Each structure stands twice: as structure tokens, then as C-alpha cells.
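Worksheet: one structure, shown below.
The values are calculated or read from the model by the stated rules, or taken from the named source; none is laboratory data. Please read these numbers as outputs of a predicted model, since none were measured by experiment. Positions of Cβ are generated from backbone atoms using ideal geometry, with glycine treated the same way; all protein chains shown enter the neighbour counts.
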Amino acid sequence: MHKHTIIVVGAGPAGMMAAIRAAQLGQDVVLLEINPILGRKLLLSGKGRCNLTNTSDLDSFLKRFWGNGQFLRDAFKKFFNRDLMEFFEKRGLGMRVERQARVFPVTDTSSSITDVLKKELEKYNVGTGFKPVPTKTCCANGKVKILYKTSARDVIVKNGAVAGVTVSGAKFMPADRVILACGGVSYSFTGSTGEGFKIAAKLGHNIVPLRAGLAPLIVKQDFVRDLEGITLKNIRIKFICRGGFKTRPYRDSRRDSTMCCPYKTAEKQIVTPVGELLFTANGISGPLVLTHSGTIGDWLKDKGNIYAEIDMKPGLTYEQLDARLLRDFKLNARKALKNTLKEILPLRLIDTCLEVIKIDADEKCGQVKQAERRQIISFLKGLRLDITSVARIEEAMVTRGGVSLKEINPRTMQSRLVKGLYFAGEMIDVDADTGGFNLQAAFSTGYLAGESAATAM
Ligand SMILES: Cc1cc2nc3c(=O)[nH]c(=O)nc-3n(C[C@H](O)[C@H](O)[C@H](O)COP(=O)(O)OP(=O)(O)OC[C@H]3O[C@@H](n4cnc5c(N)ncnc54)[C@H](O)[C@@H]3O)c2cc1C
């Protein structure tokens, strides 16, 4: 194998794994990171617990990538969920599989993941005195030099191939291979500011428009403000889109050309499984919402009338719930309605419920009329919230869009436009559902990019 100098831009999970793999294969690596620490976003992942991966089989895994999953097949074949778990287990960090096959470190802290990666990188680290040796044949481990607080500005290309990188201060760093692993644009305070997309675009790459993925939804109803922070467990959401417009091409015989005409789409619906909902300051979040936020975003673009119907009692039919309320109200005939409802609703939600349906909270249960009971049931089984928008991309957990898949070879992660340029992680136009899929994609594409850059002639 020939000795190359490889520059990896970005020390998130994708960049760190790329650097480790290339060094394992004997190459010298310079890892550039804007932040003074490694894996800043990784530290936030899984609410600080890091949902590292998922134990689903390959085909189920690929389905969680909204149609772009096939692109990752080769990367996953090279380095998949069990390989990733083993990587950490071999280095002393145990893994635990939780509900829905989600994998977390047994320590329940994401810093234990970054600690292992840091230690591994330090194994190859050569401090500050590193001088790349580009042409020697090698067989032992390579060296890694981490340059913190260093921002890559441009990848320099000569004769169609990578020649190096310019960094902050216009300094030029020569390299034979460059791996861009700069992340998306969400949570930009972690360092993923979108700089990588600008660099890729300057080299001629198409960037599929960036949108929010796994993001909260904003709703019209003001009363949600009073519910901020409330989590509802075991609920079901139905998302409904009515009257959206799409454009479809049609033949205009008079002009003899293909035109576009807007047409009304039929009602679209998503019925979620039972899960959790979280009220935010201006809308709703939680796994069920995050999962479908991308589709809702697409519906909103078509100008549909979109709303969510929340069933807070999916285990009971309308009739069963009516019978339950009737029984409770009879038993507590002299009690105020607000006190009896405590049995079935969180306290703050009772106030909102009675305000919305305009029933006196102090009304005695014995006096509640059938029509009022029906209104309560409608609230419990079909609370309607009109969706006005998806939260800003900055607040999204992942970025949809990115470097076009058509311009990256899935077997190597190498650019089809520039020789010696590779991509890894969220920069690529793939994104997935919650459950550990996004981190696995970052680690797998990083591994493949590192290996390909190390072994390419
Ligand atoms: C709050 C939150 C929780 C999440 N939880 C999970 C979870 O539990 N499980 C899961 O699978 N996914 C989770 N994700 C998604 C996951 O964190 C990302 O998909 C993953 O971090 C992407 O990895 P990456 O290496 O491609 O990019 P990043 O992790 O964004 O890393 C990119 C790095 O590149 C650096 N950089 C950028 N530009 C430059 C430049 N020009 N020069 C030098 N350095 C640069 C940045 O500073 C950054 O450190 C979560 C995301 C968020 C925001």
C-alpha cells in the first residue's frame, strides 16, 4: 500500500471514524476541527445518552432512510451495527439494547463514546511535530495529528485531483486525499455551520436543498403555550392533510408544449403507532412528531391544510370512554369536574381542556350534561392542532438534503467529480428516523471513506 497524506475535515463521528480507519491502515492523517473539543454534537446525542445505533437487520435499517437508504448498502456491508458495537466493546465500553432495538452505552453518557474515540485517536497521535511523509510504502499504523480550532476554507484541486486544503489564515496544507465530514446545518453552535456545503459547491458539487429533518412542529392554537413541558405517554397521532396542491405536467395541444398545472391532491393521512408526545412553547415534539416532520414539511410546501388529531386514550373506544366518564361522574357527583378529571388527564391539561370546550371547571360532576361529556371525549380522543410550519432547521436533529448522491460513488464515498475527494456523514444527502440510524450512517460512511482514501492508488 502507498503512503498518502489524508486530511479529514470535521471531528464528528464520521470524521473521527474516517481518521481512525485510515490510520489503522497505515496512513498519516491530519484531522481538522473548528472546535477545541471532539464530537460536540455527538455529546448532545440521545439527550446526552447517545443512541449509538440500532440492532435492526440491514433491510429494515435501510428503510428508515426515507428512500435514500440504498445508497448506504455498501457502507453498511463494510461496517454495520454489530461492528460498531464491537468497536466500543473491545475498547472496554459495554452496550445495552433498549426498546425498539435502540443501542446505548451502558454508562448512559455520550461522553463515554467520545472518550473511546479520543483515546483511539490518541493512540496514533503525534502531537504537534507531525510531518507528513507522502510517498513511503507502509504497513504499520499511520499517524494522526488533530488540529483543533482550525477551520477548513477550501479544498484545492490541481488537474482534476485534490492537492490540499486551505485553512483559516489562508494557510495551505498539502494532501493526497481529503475527506469532508463537516456535518449538516442544524444545531450550528456545535460547529456544523454549513461550511462543508460551500466548499463542496465550489468544487462543482450539487447540494440538494437543505431542510429540517426530525424537527418539532409549530401549531396555530395559542393554548399550547400553557402546556409547554407536558409529556403525554401512550397517545396516538393522526396527521391529516386536506386540499394540498401539487403541480403535474400536462400537454397543452394549442401550444404544443408540456406545461405545468396545479391540481388538488386527495386527503393524505398518517396514523402513528402509540407513543409519546411533548408540548413545546409553540407546538409539539417527541418521537412520533419528529419521525413525520419531514413528510409534514413536504405537505406544507404543497399548501395543504394540515392538522394533527391527538388521541390521548387510544386504548379505549369512544363508547368505552363515555361509559368510564359516566361511571366516574356518578361516583363523584358532588365533586368539581376539574378534580375528577385528574384521574385521566395531567393537571395542566385539565385547565386547558375545560377552557377550550368552555365548561366551568367547578361544575359538579353530577350536573355534567351528555353534550358536555361528549365534548370532553372529543378533546380526549381527537384534540385538533393546526400545523402552521416545521421548526427552523437550526432546531432540527438532522439536516435533510446535502451533497447529491449522484455525485458520490457509494462503494468508496469518493466524489465522482474530483479525484481524491471523499464525503462522510450528514453532509451526504441521506438522513433517517430517530433510533440510532443517523449515527450509524455517520460512522459507516466515515469508516468506508477512511478505508477507501487509505487504499486507493
Ligand atoms: C440534539 C441532537 C441529538 C441527536 N441524537 C442522536 C442520537 O441519539 N442518535 C443518532 O443516531 N443521531 C442523533 N443525532 C444526529 C447525529 O448527531 C448526527 O447525524 C451526527 O452527529 C452527524 O455526524 P457527522 O460527523 O456527519 O457531523 P457532526 O457531528 O455535525 O460533525 C461535524 C464536525 O465538523 C466540524 N466542522 C464543520 N465544518 C468544518 C470546517 N470547515 N473545518 C473544520 N471543522 C469543521 C464541526 O465542528 C463538527 O464537529 C442527534 C442530533 C442532535 C442535534
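Here are some notes:
Yes/no per residue for (1) touching a Ser or Thr at 6+ places or on another chain (Cβ under 6 Å); (2) modelled with pLDDT of 95 or more; (3) at negative phi:
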{"site": "PRO174", "(1), (2), (3)": "no, yes, yes"}
{"site": "ARG177", "(1), (2), (3)": "no, yes, yes"}
{"site": "LEU203", "(1), (2), (3)": "no, yes, yes"}
{"site": "GLY243", "(1), (2), (3)": "no, no, no"}
{"site": "ARG248", "(1), (2), (3)": "no, no, yes"}
{"site": "ASP252", "(1), (2), (3)": "no, no, yes"}
{"site": "GLN269", "(1), (2), (3)": "no, no, yes"}
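- For first residues located in segment 64-83 and closer than 12 Å to ASP431 by Cα, partners that are among the charged types (D, E, K, R) and lie 6+ apart or on another chain with Cβ distances below 6 Å form the pairs ARG64/ASP433.
- THR55 in contact with a strand residue (DSSP E or B) (Cβ under 9 Å, 6 or more places away or on another chain), touching a residue at least 40 places away in the same chain (Cβ under 8 Å) and within 15 Å of the ligand (Cβ to nearest atom): yes
- Filtered residues of segment 411-457 (kept if out of contact with any Lys or Arg (no Cβ under 7 Å at 6 or more places or on another chain), under 16 Å from GLN70 (Cα atoms) and surrounded by fewer than 24 Cβ atoms within 10 Å (Cβ to Cβ)): ARG411, THR412, ASP429
- For segment 80-113, residues that are acidic (Asp, Glu) and surrounded by 14 or more Cβ atoms within 10 Å (Cβ to Cβ) total 2.
- If the condition is being outside any strand (DSSP E or B) and crowded, with 17+ Cβ neighbours inside 10 Å, then segment 299-312 contributes TRP299, LEU300, ASP302, GLY304, MET312.
- Contact map, segment 27-45: residues that are under 25 Å from PHE104 (Cα atoms) paired with residues that are within 6 Å of the ligand (Cβ to nearest atom) and among the hydrophobic types (A, V, I, L, M, F, W, C), Cβ distance under 7 Å, separation 6+ or inter-chain. Pairs shown: LEU38/ALA11; GLY39/ALA11; LEU42/CYS50; SER45/LEU439.
- Pairs where the first residue, in segment 194-219, is under 11 Å from VAL155 (Cβ atoms) and the second is within 15 Å of the ligand (Cβ to nearest atom) and part of a helix (DSSP H, G or I), C-beta under 6 Å, 6+ apart: GLY196/MET427
- Taking segment 346-457 as the region of interest, the strands (runs of 3 or more DSSP E) fully inside it that hold 1 or more residues being within 11 Å of the ligand (Cβ to nearest atom) and out of contact with any Gly (no Cβ under 6 Å at 6 or more places or on another chain) are 398-403, 421-423.
Conditions tested, residue by residue: (1) basic (Lys, Arg); (2) more than 13 Å from ALA441 (Cα to Cα).
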position: ALA18; (1), (2): no, no
position: GLY26; (1), (2): no, yes
position: LYS41; (1), (2): yes, yes
position: SER45; (1), (2): no, yes
position: ASN68; (1), (2): no, no
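- So ALA432, is it of a type outside the set (S, T, N, Q), over 28 Å from GLY160 (Cα atoms) and touching a Leu at 6+ places or on another chain (Cβ under 9 Å): yes
- Segments classed as strands (runs of 3 or more DSSP E), wholly inside segment 149-200, with at least 1 members that are within 30 Å of ALA212 (Cβ to Cβ) and more than 8 Å from the ligand (Cβ to nearest atom): 152-158, 161-167, 177-180
Results for (1) surrounded by fewer than 21 Cβ atoms within 10 Å (Cβ to Cβ); (2) within 8 Å of the ligand (Cβ to nearest atom), shown as yes or no for each residue.
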{"position": "ALA11", "(1), (2)": "no, yes"}
{"position": "MET16", "(1), (2)": "no, yes"}
{"position": "ASP28", "(1), (2)": "no, no"}
{"position": "ARG40", "(1), (2)": "yes, yes"}
{"position": "LYS47", "(1), (2)": "yes, yes"}
{"position": "ARG64", "(1), (2)": "yes, no"}
{"position": "LYS78", "(1), (2)": "yes, no"}
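- Flag for THR340 being in contact with a Ser or Thr (Cβ under 9 Å, 6 or more places away or on another chain), outside any loop (DSSP other than H, G, I, E, B) and surrounded by 14 or more Cβ atoms within 10 Å (Cβ to Cβ): no
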